[in-house]
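Below you'll find the structure, written out as C-alpha cells, and then a few comments.
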Amino acid sequence: MNVPKHWREIPERYRMEAGKCTKCTKILFPARLVCPFCGNKEFDKINLSGKGKLLTYTIIRTAPEGFEDFTPYAIGIVELKEGVKVMGQITDCNTETLKTGDQLVAKFRRMNEEGKTGMIMYSYKFVPDLGI
Amino acid sequence: MVGIIGYGTQIPRYRIKVEEIAKVWGADASAIRRGLNLNEKSVPAPDEDCATLSVNAARDALKRAGIDPKKIGAVYVGSESHPYAVKPTGTIVAEALGICPDVHTADLEFACKAGTEGMFIALQLVKSGAVSCALAIGADTSQGAPGDALEYSASAGAAAFIMGSENLVAELLETDCYMTDTPDFWRRENAHYPEHGGRFTGDPAYKKHVTGAVMAILERTATKPEDFDYLVFHQPNGKFPVQMAKKLGFKEPQYRYGLLTPTLGNTYSGSSPMGLAATLDEAKPEQTILLVSYGSGAGSDAFIFRTTERLLEVHNQAPKVRKQLDEHKFYLEYGSYAKFRRKILKPE
Ligand SMILES: [Zn+2]
C-alpha cells in the first residue's frame, strides 16, 4: 500500500462510509461512481453499522508481508445488518472456536505499517460482538 | 451550564498477571500484590494503539451523547504513547468519527495528566462559547522497561468525554490546578522506555500535587471531603490513591468505583478519566464527584462534577467500564506479552 491509496480509502476504512443509490436504494460498499444495478450516478453517503454475522471464513497461517506477526488470524465475509457483505480480518477472537453465524462488530484497528518509520494504516476489523 | 454529555471507554481484552511477570524476573509476586495493590494489567493487542483505543472509546461516548458528530468543534487526545512522534492522533480520531474538517484538534502530552488536560480545555472552550461540543480523550498503551517496577503496572486503555452545554449527564461545578517543575519521571526523545526517580515519585511528586489540587479546590468551593459522594484520583498503582484518600479524610465507599488499577493497571493518560467513567457508570442523579489527576513533571488537575437525571438514561447505551474490565479476558504468558509489546526484536 502507498500513501495516496491509503488516503483515498480513509472514508471506507475509518468509518465504513458507503453510498446509498438515490434511485434503487441499494447500498454500495465501497462507494462507487455508477450504480451497477440501475446506472444511477447519485448516492447518499451513509456510515455502515459494522454489525453483522459471519458468513464464511478462513484461517491464515502463512501470511503476506506485513502480517506475519498476526498468524494465525481469520479473514471472513460478514453480512452486515444493512445487507451488505464485507470482507475483513477478524481479530480479538479464538480462531479455534470461531464459527459461521457468529455475531461480529467492526472496531477501529491498526491494519499494517510501512516498516518501523513509515505510515501506519488503520482500518475496520471485526471482533466478536460481546457488548464490550 | 457546561459539563459531560457523553462518555465511553475501551480496554483491550488481553491481560497479564503480576505472577507471570514476577516469575520471569525472579521477583516476589505476593509482595507486589500486597505492596502496590496490583493483580493484573491490560495489554494492547498488536493491532491496538493510542489511536484505535481513542476511536473505539469515542464511538461509545457518541452513543451516549446522542449528537451528530459534526457538532463537535474540538478534539483533544492526551497521551504519552501517540502512534507518531510527528503527526497528530487527533486528526485520525476526528476523521474516524466523521467530525472533519470543521474542527480544531490537538495532541496533548503531560505524562499521566494529558487526559484531564484535554478535558479541562474542552470544558473551558464550551464554556466560552467558542464551540458547542468538544471531545477530550485520555489514552495510552504505556510501556515499562523489562524488569522495572513499572512493568507490573504500565497498561492500556482509553476514556473519551464529550463536553457540551445541553443534555448534560454531569455538570461541571469547579476546576482547579496545581503545577510545579518536579523531575520525577521522564522519557527523552528516541528513548524506548521512561526513567523515573524511584521513591522520589511518591512524596514530592504524586502526594504533594494531588494534595495541593485537592486542598485548593476544597478551599475554593468551601467544601469538605465528606461533602462528595465519589472521589477519583490518578492511580499509578493501587496503593498511592488509597493512601492519599485516607490521609485527606476520604473513605472507601467514595473511591470504590473509581479505583480500577488493581485489575487494570495504570493506563497513564487514561487512568483517572477511566476512573471517572467507572464512577459515572454507577452514580445516581444529583451526586457529586471529585476528580483529581496527576502527571509527572508535575501537576494535578481537579474537577467537581454533579450528575444529572439524564445519566440514568445513558448508562446502558454503551458498555460499562467494569464489564470491559471483568468479562471476556484473554490471559497472556510473558512470551506472548513480550511479542505483543515488541519487546522481542526480530532481525531486520
Ligand atoms: Zn441504483
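The numbers here are math on the coordinates, done by the rules we state, and not lab data. Just so it is clear, the model here is predicted, and its values are computed rather than measured. Don't worry about glycine lacking a Cβ; one is built from the backbone with ideal geometry, like all the others, and counts go over all protein chains shown.
How far is the Cα center of the range B:78-109 from the Cα center of the range A:1-56, in Å?
24 Å
Report, in deg cm²/dmol and to the nearest 500, the calculated mean residue ellipticity at 222 nm for chain B, where each DSSP H run with n ≥ 4 adds -39500 (n - 2.57) and the sum is divided by the residue count.
Calculated from helices alone, the mean residue ellipticity at 222 nm is -9500 deg cm²/dmol.
Be a star and scan the range A:15-46 for residues whose amide nitrogen sits under 14 Å from the point 7 Å along the Cα-to-Cβ vector of residue A:55.
Residues passing the 14 Å test: A:27-30.
Can you tell me the relative contact order of the range B:283-348? Whole percent, Cα pairs under 8 Å, sequence separation 6 or more.
The value is 26 percent.
Gaussian network model of chain A, Cα springs within a sub-10 Å range: biggest mean-square fluctuation belongs to which of A:116, A:51, A:107?
A:116
Treating cross-link reach as a plain straight distance, find the aspartates and glutamates whose alpha-carbon is under 17 Å from the alpha-carbon of residue B:71, omitting any fewer than eight places away in the same chain.
Result set, ordered by chain and number: B:60, B:95, B:102, B:166.
Could you state the principal axis extents of the C-alpha atoms in the range B:1-121, from the largest down, to the nearest angstrom?
Result for the range B:1-121: principal-axis Cα extents of 54, 34, 25 Å.
Can you spot the aspartates and glutamates whose alpha carbon is less than 12 Å from residue B:343's alpha carbon? Ignore those fewer than 8 places along the same chain.
Qualifying aspartates and glutamates at Cα under 12 Å: B:151.
For the charge dipole of the protein assembly as shown, defined by +1 on Lys and Arg C-beta atoms and -1 on Asp and Glu C-beta atoms about the Cα centroid, which residue among A:18, B:138, B:55 has the Cα displaced farthest towards the positive pole?
It is A:18.
PRE reach from residue A:77 (point 7 Å along Cα→Cβ): which of the range A:20-55 fall under 14 Å by backbone N?
A:53-55
At 0.36 nm per residue, minus the direct Cα-Cα distance, what do residue A:96 and residue A:44 gain on full extension? Give it in nm, one decimal, please.
Length gained, residue A:96 through residue A:44: 14.7 nm.
Nothing charged except the Cβ atoms of Lys and Arg (+1) and of Asp and Glu (-1): what's the magnitude of the dipole of the protein assembly as shown about its Cα centre? Round to the nearest 20 debye.
920 debye
Once the Cα gyration tensor of the range A:82-132 is diagonalised, what are the square roots of 5 times its eigenvalues, in whole Å and ordered largest first, as equivalent ellipsoid semi-axes?
Result for the range A:82-132: semi-axes of 24, 13, 10 Å.
With each run of n ≥ 4 DSSP H residues scored as -39500 (n - 2.57), what mean residue ellipticity at 222 nm is computed for chain A after dividing by its residue count and rounding to the nearest 500 deg cm²/dmol?
Calculated at 222 nm, the ellipticity per residue is -2000 deg cm²/dmol.
For residue B:221 paired with residue B:25, estimate the spin-label separation in nm (one decimal), with each label point 7 Å from Cα along the Cα-to-Cβ line.
3.7 nm
Over 28 Å between Cα atoms: which of A:5/B:87; B:23/B:320; A:23/A:85 fall into that group?
B:23/B:320, as the Cα separations exceed 28 Å there.
So what are the radius of gyration and Dmax for the Cα set of the range B:93-143, in Å?
11.9, 38
Run down the lysines and flag those whose C-alpha is under 19 Å from the C-alpha of residue B:113, throwing out any fewer than 8 positions away in its chain.
Result set, ordered by chain and number: B:207, B:208, B:239.
With an 8 Å Cα cut-off and a minimum separation of 6 or more residues, compute the relative contact order for chain A in percent.
With pairs under 8 Å counted, the relative contact order is 21 percent.
Between A:39, A:19, A:52, where does the largest GNM mean-square fluctuation fall for chain A, given springs only between Cα atoms within less than 10 Å?
Result for chain A, Cα springs under 10 Å: A:39 fluctuates most.
Quick one: what do you get for the protein assembly as shown if you divide its Cα Rg by 2.2 N^0.38 Å?
Its radius of gyration relative to the 2.2 N^0.38 Å reference: 0.97.
In nm, give the distance between the simple-model label positions of residue A:26 and residue A:69, each being 7 Å from the Cα along the Cα-to-Cβ direction.
4.1 nm
Return B:250, B:200 ranked ascending by Cβ neighbour count within 10 Å, so the fewest neighbours appear first.
B:200, B:250
Between residue B:171 and residue B:193, 0.36 nm times their residue separation minus their Cα-Cα distance comes to what?
Residue separation times 0.36 nm, minus the Cα-Cα distance, leaves 4.1 nm.
Would you mind telling me which residue in B:162, B:16, B:32 has the biggest mean-square fluctuation in a Gaussian network model of chain B, where springs connect alpha carbons within a distance under 10 angstrom?
B:32
What are the semi-axes of the equivalent ellipsoid of the range B:170-311, taken as the square roots of 5 times the eigenvalues of the Cα gyration tensor, listed largest first and rounded to whole Å?
26, 16, 13
Jot down the radius of gyration and Dmax of chain A, Cα atoms only, both in angstrom.
Rg then Dmax for chain A, in Å: 15.8, 46.
Mind jotting down the distance between the C-alpha centroids of the range B:187-214 and the range B:11-43, whole Å?
After rounding, the separation between the Cα centres reads 21 Å.
Whole-Hz ³J(HN,Hα) for each residue in the range B:29-40, computed from phi via Karplus 6.51 cos²θ - 1.76 cosθ + 1.60 with θ = phi - 60°, x for glycine and proline: what do you get?
Result, ordered by residue: 4, 5, 5, 6, 4, 6, x, 10, 6, 10, 10, 7 Hz.
Radius of gyration and Dmax for chain B's Cα atoms, expressed in Å?
In Å, with Rg to one decimal and Dmax whole: 18.6, 61.
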